[in-house]
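The values are calculated or read from the model by the stated rules, or taken from the named source; none is laboratory data. Because the structure is a prediction, the values reported are computed rather than measured. Ideal geometry is used to build each Cβ from the backbone, glycine not excepted, and the neighbour counts take in all protein chains shown. What goes into the accessible areas is simple: the full protein's heavy atoms, side chains included, and nothing from ligands, DNA or RNA. Shrake-Rupley method; radii C 1.70, N 1.55, O 1.52, S 1.80 Å.
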Amino acid sequence: MSHIVTISVEVRDLDAVRAACDRLQLNEPVYGKTTLFQTEVEGYLVSLENWLYPVVCDLESGVIHYDNFNGTWGDPKQLDRFVQAYSVEKTTLEARRKGYSVMEHLLSDGSVKLTIGGVA
(Lines give C-alpha, C1' and ligand atoms only; values in the text may rest on other atoms or scores of the structure.)
Protein backbone atom coordinates (compact mmCIF):
# COMPACT_ATOMS: atom_id res chain seq x y z
CA MET A 1 0.00 0.00 0.00
CA SER A 2 1.33 3.46 -0.83
CA HIS A 3 0.47 6.85 0.60
CA ILE A 4 0.86 10.37 -0.75
CA VAL A 5 2.13 12.76 1.92
CA THR A 6 2.43 16.54 1.96
CA ILE A 7 5.05 17.89 4.34
CA SER A 8 5.38 21.27 6.01
CA VAL A 9 9.03 21.58 6.92
CA GLU A 10 10.53 22.87 10.15
CA VAL A 11 14.32 22.80 10.09
CA ARG A 12 15.36 21.51 13.53
CA ASP A 13 17.96 18.77 12.94
CA LEU A 14 21.59 19.79 12.49
CA ASP A 15 22.59 16.36 11.15
CA ALA A 16 19.97 16.70 8.40
CA VAL A 17 21.09 20.28 7.63
CA ARG A 18 24.67 19.05 7.27
CA ALA A 19 23.57 16.12 5.10
CA ALA A 20 21.49 18.45 2.89
CA CYS A 21 24.53 20.72 2.43
CA ASP A 22 26.65 17.70 1.57
CA ARG A 23 24.03 16.41 -0.89
CA LEU A 24 23.96 19.79 -2.67
CA GLN A 25 27.76 20.19 -2.47
CA LEU A 26 27.44 23.33 -0.34
CA ASN A 27 29.87 24.44 2.33
CA GLU A 28 29.38 23.06 5.84
CA PRO A 29 26.85 25.15 7.80
CA VAL A 30 28.47 27.48 10.33
CA TYR A 31 26.85 28.75 13.52
CA GLY A 32 26.81 32.52 13.75
CA LYS A 33 24.98 35.82 13.48
CA THR A 34 24.30 37.84 10.37
CA THR A 35 22.20 40.83 9.39
CA LEU A 36 19.40 40.30 6.88
CA PHE A 37 18.19 43.72 5.74
CA GLN A 38 17.92 45.46 9.14
CA THR A 39 17.41 42.42 11.36
CA GLU A 40 20.17 40.46 13.07
CA VAL A 41 19.49 36.72 13.10
CA GLU A 42 21.38 33.83 14.66
CA GLY A 43 21.59 30.19 13.71
CA TYR A 44 23.31 27.89 11.25
CA LEU A 45 24.36 29.87 8.18
CA VAL A 46 24.05 28.04 4.87
CA SER A 47 25.52 29.60 1.75
CA LEU A 48 23.32 28.71 -1.20
CA GLU A 49 24.66 28.71 -4.74
CA ASN A 50 24.81 32.26 -6.19
CA TRP A 51 23.08 33.85 -3.18
CA LEU A 52 24.45 37.14 -1.92
CA TYR A 53 23.56 36.37 1.73
CA PRO A 54 23.33 33.07 3.57
CA VAL A 55 20.08 31.54 4.74
CA VAL A 56 19.94 31.10 8.50
CA CYS A 57 18.51 27.92 10.00
CA ASP A 58 17.12 28.64 13.47
CA LEU A 59 16.92 25.09 14.83
CA GLU A 60 15.08 26.17 17.98
CA SER A 61 12.14 27.72 16.11
CA GLY A 62 12.45 25.57 12.97
CA VAL A 63 12.41 28.70 10.78
CA ILE A 64 14.73 29.51 7.88
CA HIS A 65 15.49 33.24 7.76
CA TYR A 66 16.64 34.73 4.47
CA ASP A 67 16.69 37.86 2.35
CA ASN A 68 16.96 37.33 -1.38
CA PHE A 69 15.31 40.65 -2.31
CA ASN A 70 12.52 38.93 -4.24
CA GLY A 71 15.00 36.87 -6.24
CA THR A 72 17.47 39.67 -6.98
CA TRP A 73 20.04 38.42 -4.45
CA GLY A 74 19.33 34.72 -4.89
CA ASP A 75 17.21 32.37 -6.98
CA PRO A 76 14.34 30.98 -4.88
CA LYS A 77 14.83 27.62 -6.64
CA GLN A 78 18.08 27.20 -4.70
CA LEU A 79 16.19 27.58 -1.42
CA ASP A 80 13.60 25.08 -2.67
CA ARG A 81 16.41 22.62 -3.48
CA PHE A 82 17.82 23.04 0.04
CA VAL A 83 14.43 22.50 1.71
CA GLN A 84 13.83 19.42 -0.47
CA ALA A 85 17.28 18.03 0.37
CA TYR A 86 16.72 18.70 4.09
CA SER A 87 13.33 16.97 3.94
CA VAL A 88 14.75 13.89 2.20
CA GLU A 89 17.68 13.68 4.60
CA LYS A 90 15.56 14.15 7.73
CA THR A 91 13.01 11.58 6.60
CA THR A 92 15.76 9.10 5.74
CA LEU A 93 17.53 9.62 9.07
CA GLU A 94 14.34 9.10 11.08
CA ALA A 95 13.25 6.03 9.10
CA ARG A 96 16.66 4.40 9.48
CA ARG A 97 16.79 5.24 13.21
CA LYS A 98 13.58 3.24 13.54
CA GLY A 99 15.03 0.35 11.56
CA TYR A 100 13.26 0.89 8.25
CA SER A 101 14.86 0.58 4.85
CA VAL A 102 14.73 3.60 2.54
CA MET A 103 14.89 3.70 -1.25
CA GLU A 104 15.18 7.01 -3.06
CA HIS A 105 14.07 7.69 -6.62
CA LEU A 106 14.62 11.00 -8.42
CA LEU A 107 11.63 11.71 -10.65
CA SER A 108 11.78 13.45 -14.04
CA ASP A 109 10.17 16.63 -12.64
CA GLY A 110 12.93 16.99 -10.02
CA SER A 111 10.87 15.70 -7.13
CA VAL A 112 12.05 12.82 -4.98
CA LYS A 113 10.10 9.68 -4.20
CA LEU A 114 11.08 7.90 -0.99
CA THR A 115 9.95 4.34 -0.44
CA ILE A 116 10.12 3.31 3.19
CA GLY A 117 9.98 -0.42 3.68
CA GLY A 118 9.88 -2.91 6.47
CA VAL A 119 12.54 -3.22 9.09
CA ALA A 120 15.94 -3.38 7.43
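What to note about this one:
- The combined condition, being within 21 Å of residue 92 (Cβ to Cβ), part of a loop (DSSP other than H, G, I, E, B) and open to solvent by less than 80 Å² (accessible area, probe 1.4 Å), is not fulfilled by residue 17.
- The single condition among (1) touching a residue at least 60 places away in the same chain (Cβ under 8 Å); (2) part of a loop (DSSP other than H, G, I, E, B) that residue 72 does not meet is (1).
- Residue within the stretch 1-10 that is hydrophobic (A, V, I, L, M, F, W, C), without any contact (Cβ under 8 Å) to a residue 60 or more places away in the chain, under 26 Å from residue 111 (Cβ atoms) and surrounded by 12 or more Cβ atoms within 10 Å (Cβ to Cβ) present: no
- Count of the stretch 95-108 residues, restricted to those that are assigned to a helix (DSSP H, G or I) and either modelled with pLDDT under 95 or farther than 17 Å from residue 6 by Cα (or both), is 2.
- Among (1) surrounded by 13 or more Cβ atoms within 10 Å (Cβ to Cβ); (2) out of contact with any strand residue (DSSP E or B) (no Cβ under 9 Å at 6 or more places or on another chain), the one test that residue 91 misses: (2)
- Tally, over the stretch 32-82, of residues that are under 15 Å from the mean Cα position of the chain (by Cα), among the hydroxyl-bearing types (Ser, Thr, Tyr) and farther than 15 Å from residue 12 by Cβ: 2
- Selected residue (criterion: nearest to residue 6 (Cα to Cα)) from residues of the stretch 75-84 that are touching a strand residue (DSSP E or B) at 6+ places or on another chain (Cβ under 9 Å) and either touching a residue at least 40 places away in the same chain (Cβ under 8 Å) or in a strand (DSSP E or B) (or both): 83
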